[in-house]
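This report concerns only the one structure given below.
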Amino acid sequence: MKSYFRKEIDAIAGYTAGEQPKIANLIKLNTNENPYPPSPAVEAALREFDIARLRRYPDPFADELRDIFAADCNVKRENVIVGNGSDDLLTMCFRGFTSPEHPVAVFDPSYSLYPVLAEMQVAPVIKIALEGKDFTYPDDISCQTEKANLLVITRPNAPTGTVCPKSLVRKYCENFDGMVLIDEAYGDFADDNCMDLALEYDNVIVMRTFSKSCSMAGVRLGYAVSNSTVIEGLMKLKDSYNIDMLSQIVGKANYLDKEYRSKCISAIRRDRDQMREKLLKLGFEVPKSQSNFLFAAPPDGDGEAAFRYLRENAVLVRYFKGDVTGKYIRITIGTPDENRRVLELLNARYA
């Protein structure tokens, strides 16, 4: 039939989300979800919630959440915007800062949604290659980014788990004549973060999500921090009621239980480092990760074969085709029992 979409939309392949299978007894380690449930405070909040309130619209700005995030980041409400997951916030940023005349610069490899969002805007994508087996960030990117209006730094990076040194991030912010978006989806698992740069520089946005450290991928909640002028601009681009009432309720309850979240993060970081050491002993190449996953290349460099082998044994990890990424599998850190099963299978094949 005739298509009524713009030709650019017809040409887009679209983003491929991580598989959400319906297979019994599957160990699911492919989408970097937290292996632990949200805070018990979430269940209590839902039990106390008056369902009659659902006939009303939610707060269009999620101001209670904005105040909580602002206090935690030592900023003001006017410096915070809340999104329906960080993907919602990414969409706002690409709408606002990219176009056919305004390219976006991204590192490669990185989050595969970025080029798709650029294609929707018919915006050119400038890819900056990460270097070597440790996916090192180049010291100077000014020549590569001089035509870009948006620079995206994923920190820690996905799918590699590596971190751009903060001193280098600062250099990028100072030398880039455009908006710098620092995507800290995995920031809580890292040794440091860049939240302070959001107000130190006029051209910086720092973004966080509830999908990883907060164990709430199913709720869809995220927030971004920047100067008030940038936040005001992003507010023009968001959907009218982008955060539903229940998400605001459970998001608040979960976020305020910092002690519980801290315990979960500590357990994941510990298990991540232990698992990396064991994979290294098996001959895998595994760059040092500061996220909740490992990017691991098996000894034979055949990531796809490792992916298929694990899947045949009811363990689902993530595989990305490509000259560089195709050598690796990305393994989300699961529960201790899940991690143990992965290592048993990999030992049986590669030891």
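Quick look at the numbers
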item: Entry for Cα extents along the principal axes in Å (calculated from the structure that is shown) out of (1) 85, 55, 46; (2) 55, 55, 53; (3) 63, 50, 43; result: (2)
item: C-alpha center-to-center spacing [region 276-351, region 1-39] in angstrom; result: 21 Å
item: Ascending count of other beta-carbon atoms within 10 Å, so fewest first, for L54, L181; result: L54, L181
item: Bridge type composition, the chain - antiparallel percent by DSSP, nearest 5; result: 45 percent
item: Mean projected area in nm² (Cα convex hull; one quarter of hull surface) for region 178-288; result: 9.1 nm²
item: Selection from Q274, V206, A253, by position along the positive dipole direction of region 161-286 (Cβ); result: Q274
item: Lys/Arg +1, Asp/Glu -1 at C-beta; the chain dipole; positive extreme among L345, G283, V317; result: L345
item: Mean Cβ count within 10 Å, highest first, over the residues of peptides 263-273, 18-28; result: 263-273, 18-28
item: Region 211-351: Cα Rg divided by the 2.2 N^0.38 Å rule of thumb; result: 1.32
item: Semi-axis lengths (Å, descending) of the ellipsoid that matches the C-alpha gyration tensor of region 10-138; result: 33, 23, 18
item: Bins of 10 Å, starting at 0 and running to the largest distance - Cα pair percent for region 80-209; result: 13, 49, 36, 3
item: Highest-first arrangement of 88-98, 120-130, where packing means the average Cβ count within 10 Å; result: 88-98, 120-130
item: Dipole moment magnitude, nearest 20 debye, the chain about Cα centre, only Lys, Arg, Asp, Glu C-beta charged; result: 900 debye
item: Relative contact order for the chain, counting Cα pairs under 8 Å that sit 6 or more residues apart, in percent; result: 23 percent
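Read-outs throughout are calculated quantities, based only on the coordinates presented, and are distinct from any laboratory measurement. In this text the structure is predicted, and so the values were computed from the model without any measurement. Glycine also receives a Cβ, built like all others from the backbone with ideal geometry; neighbour counts cover every protein chain displayed.
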